[in-house]
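Q: Could you have a look at this structure, given as structure tokens, before my questions?
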Amino acid sequence: MKPRLIVVLGPTAVGKTGAAIALAKELNTEIISGDSQLVYRGFDIGAAKPTEHELATVPHHLINILDGDVGYNVTDFCAEAKEKIAAINSQGRIPILCGGTGLYVKALLEGYKFNETAGNDELRRQLELEAREASPDDSREYLLQKLKSLDPVAGEVLSNRDVRRIVRAIEVAIAGESISRQRISKAENTAEMGDLVYDACVIGLMRERSLLYERINLRVDNMLHDGLIEEVKGLIAAGSDRFCQPMRAIGYRETAAYLAGEISYEKMVENIKKNTRHFAKRQLTWYRRMPYVAWVDPTGCSEESLNEKLLGIVRAFWDDV
């Protein structure tokens, strides 16, 4: 029998956190974060991390487990999430995976296999610095061409928009492995319910795009009001490298550029909002490859009515819940 899992996913600012917490309270279960940024301690406001009150409402996992100078990737996430799911299942409960990092969620559900080469943060920093110095106007294309020289197959398959995967492919190639066409392509393909590693009820929250973008813009305004700039100042003062993994996330990298005098305050705000909207579009691209998602529009729903809808989906999926 496959382990049971409930998933609440959706683009940034759609309302996943509140929905997952309400559902977890109703089902007396626990939440596992599926967000790559929430693992880092101190990166709170810009990551839209659940508040202390929200974290205390129901047990949460894979939040605040690492310092900013420690690398974290999809392989780490899948291994740790698998352990948490098994432990909660063993107690007779169905955990809720809540998150918006599409690769993480899709990889966990569909059982991706990954290269054995360990991540090398120093190499990644060197590659990014090399690309910025060699081609400041188009560092992404520089990295793609470097990959093609090391692994032509991977270089032809990957897009220069996907810098993280390009850097990982270079890292793997330097170590003597190769990311095969089959492995790269798997992330682009869809899977059916029967292909999943878990007996999973996967619920997606989605709002009309203009409404979602309004929520994104308001969230950014609220982050700045709540002290995003002060948070980034404090992280840098405490020794966080400006180019460490969590500092490269949207919200942090633009604020760090502003604090370094590279852009104006107005440009910082504009860039955070624009980049967050673009991120939401990329998330939707991932979700379109997941045909097993049951979609719900929470627009106009009270917390109670939305929770009733989600409970209805879960109970239709498993009649013993």
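Q: Could you list all residues from segment 220-248 that are among the hydrophobic types (A, V, I, L, M, F, W, C) and either in a helix (DSSP H, G or I) or at pLDDT below 95 (or both)?
A: V220, M223, L224, L228, I229, V232, L235, I236, A237, F243, C244, M247
Q: Looking at this structure, is K273 touching a helix residue (DSSP H, G or I) at 6+ places or on another chain (Cβ under 8 Å) and either closer than 19 Å to L205 by Cβ or in a helix (DSSP H, G or I) (or both)?
A: yes
Listed here are the residues, each with its yes/no results for (1) within 13 Å of C98 (Cβ to Cβ); (2) open to solvent by 20 Å² or more (accessible area, probe 1.4 Å); (3) hydrophobic (A, V, I, L, M, F, W, C).
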position	(1), (2), (3)
A20	yes, no, yes
E26	no, yes, no
T29	yes, no, no
R41	no, yes, no
I45	no, yes, yes
T51	no, yes, no
L55	yes, yes, yes
P59	yes, yes, no
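Q: Does segment 304-318 contain any residue that is in a loop (DSSP other than H, G, I, E, B) and closer than 16 Å to I216 by Cβ?
A: no
Q: Further question: Of all residues in segment 197-226, which are over 30 Å from E308 (Cβ atoms) and either open to solvent by 10 Å² or more (accessible area, probe 1.4 Å) or in contact with an Asp or Glu (Cβ under 8 Å, 6 or more places away or on another chain) (or both)?
A: D221, M223, L224, H225, D226 - these are the residues of segment 197-226 that are over 30 Å from E308 (Cβ atoms) and either open to solvent by 10 Å² or more (accessible area, probe 1.4 Å) or in contact with an Asp or Glu (Cβ under 8 Å, 6 or more places away or on another chain) (or both).
Q: To continue, here is another question. Which residues, taken from segment 78-113, are assigned to a helix (DSSP H, G or I) and open to solvent by 60 Å² or more (accessible area, probe 1.4 Å)?
A: Of everything in segment 78-113, those that are assigned to a helix (DSSP H, G or I) and open to solvent by 60 Å² or more (accessible area, probe 1.4 Å) turn out to be E80, K82, E83, K84, S90.
Q: Kindly indicate whether any position in segment 45-61 is out of contact with any Leu (no Cβ under 9 Å at 6 or more places or on another chain), farther than 21 Å from L205 by Cα, of a type in the set (A, V, I, L, M) and not in a strand (DSSP E or B).
A: Yes, some residue in segment 45-61 is out of contact with any Leu (no Cβ under 9 Å at 6 or more places or on another chain), farther than 21 Å from L205 by Cα, of a type in the set (A, V, I, L, M) and not in a strand (DSSP E or B).
Q: Cβ-Cβ under 9 Å, sequence separation 6+ or interchain: first residue in segment 260-274 and closer than 19 Å to A237 by Cβ, partner surrounded by 14 or more Cβ atoms within 10 Å (Cβ to Cβ) and among the small types (G, A, S). Which pairs?
A: Correct list of pairs: E262/A256; M268/A257.
Q: Quick check: is even one residue across segment 73-95 at pLDDT below 90 and in contact with an Asp or Glu (Cβ under 6 Å, 6 or more places away or on another chain)?
A: Within segment 73-95, not a single residue is at pLDDT below 90 and in contact with an Asp or Glu (Cβ under 6 Å, 6 or more places away or on another chain).
Q: Could you look through segment 294-321, keep only residues that are surrounded by 18 or more Cβ atoms within 10 Å (Cβ to Cβ) and in contact with a Leu (Cβ under 8 Å, 6 or more places away or on another chain), and pick out the one that is farthest from L212 (Cα to Cα)?
A: Among those that are surrounded by 18 or more Cβ atoms within 10 Å (Cβ to Cβ) and in contact with a Leu (Cβ under 8 Å, 6 or more places away or on another chain), it is V314.
Q: Can you tell which of M247, M268 is over 20 Å from the mean Cα position of the chain (by Cα) and surrounded by 15 or more Cβ atoms within 10 Å (Cβ to Cβ)?
A: Going through M247, M268 in turn, just one is over 20 Å from the mean Cα position of the chain (by Cα) and surrounded by 15 or more Cβ atoms within 10 Å (Cβ to Cβ): M268.
Q: Part of a helix (DSSP H, G or I), modelled with pLDDT under 95 and more than 30 Å from K25 (Cβ to Cβ) - does that describe any residue in segment 287-295?
A: Within segment 287-295, one or more residues are part of a helix (DSSP H, G or I), modelled with pLDDT under 95 and more than 30 Å from K25 (Cβ to Cβ).
Q: Of R288, R277, which residue is of a type in the set (D, E, K, R), surrounded by 15 or more Cβ atoms within 10 Å (Cβ to Cβ) and within 22 Å of R209 (Cβ to Cβ)?
A: R277 is the lone residue from the list that is of a type in the set (D, E, K, R), surrounded by 15 or more Cβ atoms within 10 Å (Cβ to Cβ) and within 22 Å of R209 (Cβ to Cβ).
Q: May I ask you to verify whether K274 is under 30 Å from K106 (Cβ atoms) and basic (K, R)?
A: In short, yes.
The values are calculated or read from the model by the stated rules, or taken from the named source; none is laboratory data. Here the structure is a predicted model, which means the values were calculated and not measured. Reconstructed Cβ throughout: ideal geometry from the backbone, glycine too, with neighbour counts over all protein chains shown. Areas reflect the complete protein model, heavy atoms only, side chains present, ligands, DNA and RNA absent. Shrake-Rupley method; radii C 1.70, N 1.55, O 1.52, S 1.80 Å.
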